[in-house]
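The values are calculated or read from the model by the stated rules, or taken from the named source; none is laboratory data. Computed from a prediction, not measured in an experiment: that's the story for all the values here. Here Cβ is always computed from backbone atoms with ideal geometry, including for glycine, and neighbour counts include all displayed protein chains. Keep in mind that these areas ignore ligands, DNA and RNA; they rest on the heavy atoms of the full protein, side chains included. Shrake-Rupley method; radii C 1.70, N 1.55, O 1.52, S 1.80 Å.
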Amino acid sequence: MHKGTRLLLSLSTALLTTCLSHQTAFANDANDQIALEEVVVYGTKRSVTATAQQVPTQIAAFGKDALDAKQVVTLSDLSFASANISLDDLGTAPGIANFSIRGQGINSSIPSVDPTVGIFMNGVYFGVSHGIVTDMFDMESVEIHKGPQGVLFGRNVTGGAVLLRTARPGSDTQVSARVGFETDKQFTYDAAIEGALNDKTNAKLAFYHNDDNGYFDNPTLGRKVGKRETYIVRPTLVFTPTSTIENTLIIEHGETIGDGAVSQNSANQNPSSPSKEIETVSDHAGMININWDQWSNETIIDLGTAGTITNVLGARSLRHSSKSDIDTSALDIFHAGMELSQKQWSNELRFNGQLSERLEMLSGLYYYQADLTYFEFRRLFGDFINLGINQAPVRLGGGGQQDHKTIGSFFNFYYAMSEDVTLQAGLRYSSEEKDVVINPNGTCDDYKDCQPGNDASNQWTFWSGKVGAEWRYDDDVIFYAHWARSHRAGGFNFRTSETTPSPFDPERVDSFELGFKSDLLNQRLRFNGAAFVNNINDIQREVSLPSPTGGLLQDITNTGDTRIKGLEMDVIAVINDTFSLNASMGLLDGDYTNLSQSLINNPANPDDDLVVDEADYALEIPRLSKFTLSIGGVYDIDLESGNFSARLDYAFRSKAPYSDNNVGYFNAYKMLNAGITYRPNTVPWIFDLYAKNLTNTAVLGGVTVLPFGSFGSNYLAPLSKGRRFGANIRFEF
């Protein structure tokens, strides 16, 4: 066992023992009873709602107040908020999620590759990673479920699930609005009005607008780049025709337009230790256009003692196009772009019932269908090795079309052996079918002009499951253990390539987890922890290689098997009536247990014979940070004029490889955020001042090695924003 693992286990045991031994002493002081924040979670899909603390698994849950306090605009603002998670924007084209949980993630913008971390909004699964990292507002909660979720979600959720829930309207008439300003002329406006239309219908209309005039200085273009403008409108209708039926309809339209990806200046930098500077010199600002329409309709029928029927029907239409400067230099060398059109709809019907005094059942049927068309193009100047800026550009294009269908059925049982011990057993059957037309690499500028594609299809069936046990030591302490299995479907590579892309097979994850949750010291200390092992079979990897004629090559294969072991702890401590501390810590250790092909694959290295050897097994797993830490404090006090609160959050994420051959790396990240909020007693206004990324850390979406280092650009590394300050005025009436 790793030394850090042994130390963390020892500290966990010692701290838990100490807390339990002193619990009674604190319980006698009624003045010390301060309730910790409770966030209702919906990922369990049970008819009886539960808070994150009551569910026997590790969940990072954030309610409305926490999201407002952290100034969360996109999911990437929660990237450092909990142990062993990374919710970064891939950045090659803005808006594409590159999420990783417990070391399981992808390094790809190819929409035909299913993500390891599933995104669900109002119960509807989003089928592609595109259009995920866009602005959020008027949220009720965000839940991050860690580890495989193969039974209740099933739609290829092998790393974890992120659940977004927008706010529902109440019957009381309420109006809220916000005006915000952030560094470098970014303005935000949003507003919502809600109330009862009649005694059976509540309605809400919410609107959001963000105008970002660009954060990054670009001396080549002589202006700010990274401009972006986002509009979102969201009507919501809750209809209760009877006391036992509730129907919620949520419609959303959104659009983001502006500059493309902002890439770091990688001149004279080594991809194994990228620059820590937030600077760009690209000659091309690029463009982004994301347009989406989506709706979800949830119907809940209360059958009384017989149980509850829930149906969630949803659809989404997404168009995502972009252009980016891939060479990252001030020269016009390598530009690329993509166009994606995706339409999906899904329906989940489930039943919750108490079959006996001890036995509860959750069962359901699921259907998902999506059609997508993807085209990517590259514009490059001849052979990079003999590059001349006066050469006529070479244009390459390709992509594909995909028809994707999934059907599933699942059962999950909870059996109460006693008042303290509950057993859980779940099983899910899934069938996935993908029919594709793959357009080979060619000299085309538009999808309709590409060479005729090749038809291909495949179908996979899976049995996923979960078996677990929960022991409630008392009302405030639970211990749990479970085994879970989940699958990620295979697929086809749509990436423009010099070789014919080959299909790849499914991967399987088996997870074993032991954990505990506790509210101690008269609910002044919350202490949760878990230890887990994930065995991943036939892992899908995106192997990227620089190419002197095509710019970049990328193939997707099942490279072998891996094992990831980890620990994580979360602590919230209420020190006194005005001050509280929170902290999380995660440790990960991963290695390859079996390899079917070499991962080094470096054509520039004559010593690389492409044979699996010790050098391959010694490689680190991409996107696996061995150590993550976050610690923060909140000071909250009531003044004569109102309430004042201040927050300070620090996070650390250790260095991690980006590429499978470990040529490109992410630097270690140190992040510091701060905020102040004031709520006057006399007026319904809330004033916020905040600072993000005070350490001015260069957070990168990826580190992709390029084939033309002699021209000053060694890698492609899209940038996130650095240090910035902002202010909000919120009105609630």
* Going from most exposed to least, what order do 78, 303, 249 have by accessible area with a 1.4 Å probe? -> 303, 249, 78
* Given labels modelled 7 Å from the Cα in the Cβ direction, how far is it in nm from residue 51 to residue 197? -> 3.5
* Asked: How about residue 185: which aspartates and glutamates have a C-alpha closer than 16 Å to its C-alpha, ignoring those fewer than 8 places off in the same chain?
  -> 211, 212, 217, 229, 259
* Cα gyration tensor shape of region 116-185, rounded if a/c is under 1.5, else prolate or oblate by comparing a/b with b/c -> oblate
* **Check: the chain dipole with +1 on Lys, Arg Cβ and -1 on Asp, Glu Cβ, in debye** => 220
* Sorted by mean Cβ packing within 10 Å, highest first, what order do the peptides 222-229, 173-180, 126-133 take? -> 126-133, 222-229, 173-180
* Under 20 Å from the Cα of residue 405 - lysines, other chains or at least 8 residues apart -> 343, 434
* Shape of region 120-229 from its Cα gyration tensor (a ≥ b ≥ c, root eigenvalues): rounded if a/c is under 1.5, otherwise prolate when a/b > b/c, or oblate? -> oblate
* To do: Please work out the average accessible area per residue across the chain, using the 1.4 Å probe convention, and give it in Å².
  => 40
* To do: Measure off 7 Å from each Cα along the Cα-to-Cβ vector at residue 537 and residue 371, then give the distance between these two points in nanometres to one decimal.
  => 3.6
* Under a Cβ-Cβ cut-off of 9 Å, what is the net charge of the residues other than residue 131 that fall near it, where Lys and Arg count +1 and Asp and Glu count -1? -> +2
* Helix 3-27: angle to the longest alpha-carbon principal axis of the chain, degrees 0 to 90, nearest 10? -> 20
